[in-house]
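In what follows, a structure is listed as structure tokens, so that the remarks can point back to it.
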Amino acid sequence: MIYLDNAATTRTAPEAVEAMLPYFTEYYGNAGGIYRLAGESRKALLQARETIAKTLGAQTNEIFFTAGGSESDNWALKAVFEAYRSKGRHIITSKMEHHAVLHTCAYLEEMGAEVTYLDVDAEGIVDVEQLKRAVRPDTILISVMYANNEVGTIQPVREIGEIAAGHGILFHTDAVQAYGHLPIDVEECHIDLLSASGHKFHGPKGAGFLYVNQKARIRALLHGGQQERGRRAGTENLPGIVGMAAAAQLAHEAMEERNVRETALRDYLINRIEQRVPGAVLNGHRRKRLPNNVNISVEGIEGETMLIMLDLAGICASSGSACTSGSTDPSHVLLAMGMSRERARGALRLTLSEENTREELDVVVEELESIAARIRGLLVK
Ligand SMILES: *Cc1c(COP(=O)(O)O)cnc(C)c1O
């Protein structure tokens, strides 16, 4: 099997699994208890918070653990809207956000929010000039993703953060694809809220976090106990949190080397596909993209068809976001980039990890070449 769907989820690193195990079997105490066993849990929780805070240049009390990226996105948007609605009801986001942001915005519109959806250019980059013009006296939040999950485009986050800061507007970024893959400094980029998810950087599923600048007011997401400084009630998912922190540590230790390696693999795959598969075009920006993301459309061939045939050859890939697979609607991200519905339906996303090899990529290119030829042959008859 060749796994090329790392934007959907990653294999949990053995080191992360190893770190988690004692928190199922030995240190299973509730961090809220007063006995020593609970103390072990509290210690691990604090350590995990410190590890993650350090990777962002943040304070420990600015990290709130959640159950993943969708929860963090929901929390960030809803809590800011609730806390600041007396100041204003206007939110600015982009047309190519993940549905965890877009569907939350739609919900907030029902609750009385006014949302501006920024355009993106043909390579998937947010129009910063349009953003400047969109700012209003009642704008309370700008939410633009760090890097896109379908085409891997990296947004001008620092510029966006500077605009937000200049107007005293909070800036949230969905960094689920970027965290653990790119270096992020929340202060330098004026980021007030940031979402991340463990399973996108070789941590376990069901564990994520939301960074919240201490200067930002934020409402509770879940009401109940005093966990997460009273903002998210419920006994902590300690094994998940410990595993996520271990994965975060690993991801940041080897980040530079890994990025060099992944970028080389990415560009190798893009070049080979462009050379060998007739009608293949790259979607997204050639350089301002995640080191592990390849997204192509092959003229006249549906992405879904290629996926099924790749699967028969033991290759796991995706047509875009995992959340839209199964539906034949073209991706909202590719449409926002101005693509025809046909090209958007032809999209194939191949997302690497450092575990992939050139030999594997050669196999993938060969398969794609043969699949394209077979489908074209059928179409001609
Ligand atoms: C995967 C993903 C999410 C959702 O994260 P979950 O942990 O699966 O809830 C949100 N935003 C982006 C950009 C993602 O890639």
Next on the checklist: Assuming a strict under-25 Å limit between Cα atoms, what lysine pair count do you get for segment 1-145 once near-sequence pairs (fewer than 8 apart, same chain) are dropped?
Outcome noted: 7
Next on the checklist: In whole percent, and with a 1.4 Å probe on the protein chains, what portion of the accessible area of the chain is carbon and sulfur?
Outcome noted: 51 percent
Checklist entry - Tell me, what ³J(HN,Hα) does each residue in segment 360-368 have, in order and in whole Hz, if you take phi through Karplus 6.51 cos²θ - 1.76 cosθ + 1.60 with θ = phi - 60° and put x for Gly and Pro? => result 4, 5, 4, 4, 4, 5, 4, 4, 4
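Count the net charge of all other residues whose Cβ sits under 13 Å from the Cβ of Gly88, scoring Lys and Arg as +1 and Asp and Glu as -1. Spell out each step's value before the answer.
Details: positive: Arg85, Lys87, Arg89, Arg136; negative: Glu82, Glu114, Asp138.
The answer is +1.
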Item to check | Reach of Lys215 by Cα under 18 Å, taken over aspartates and glutamates that are not fewer than 8 positions away in the same chain | outcome: Glu62, Glu82, Glu162, Asp185, Glu187, Glu188, Asp192, Glu228
Item to check | Within the chain, helix-based [θ] at 222 nm, where runs of 4 or more DSSP H residues each add -39,500 (n - 2.57), nearest 500 | outcome: -13000 deg cm²/dmol
Next on the checklist: Rounded, prolate or oblate for segment 131-216? Axes are the square roots of the Cα gyration tensor eigenvalues, ordered a ≥ b ≥ c, and the cut-off for rounded is a/c under 1.5.
Outcome noted: prolate
Item to check | Rounded accessible area of Thr305 (nearest 10 Å², 1.4 Å probe) | outcome: 50 Å²
Checklist outcome for this item: Of all C-alpha pairs within the chain, those more than 41 angstrom apart amount in percent to 15 percent
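With Cβ to Cβ distances under 14 Å as the rule, what net charge do the other residues near Gly112 carry (K, R +1; D, E -1)? Walk me through the numbers before you get to the answer.
Values: positive: Lys78, Arg85, Lys87, Arg89; negative: Glu82, Glu109, Glu110, Glu114, Asp138.
Around Gly112, the charge tally is -1.
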Checklist entry - Residues of the chain: accessible area per residue at 1.4 Å, in Å²? => result 43 Å²
Next on the checklist: As a test question: what accessible area, to the nearest 10 Å², does Thr10 have when a 1.4 Å probe is rolled over all protein chains in place?
Outcome noted: 10 Å²
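Could you please put Arg136, Arg49, Arg42, Arg341 in sequence from largest to smallest accessible area, using a 1.4 Å probe? Don't jump to the answer; show the numbers that get you there.
On the way: Arg136 85, Arg49 35, Arg42 105, Arg341 125 Å².
The most accessible residue leads, giving Arg341, Arg42, Arg136, Arg49.
The values are calculated or read from the model by the stated rules, or taken from the named source; none is laboratory data. Remember, predicted model here, so these are calculated numbers, not experimental data. Please note: Cβ atoms are built from the backbone with ideal geometry, for glycine as well, and neighbour counts cover all protein chains shown. Just so you know, the surface numbers come from the protein's heavy atoms only, side chains and all, with ligands and any DNA or RNA stripped out. Shrake-Rupley method; radii C 1.70, N 1.55, O 1.52, S 1.80 Å.
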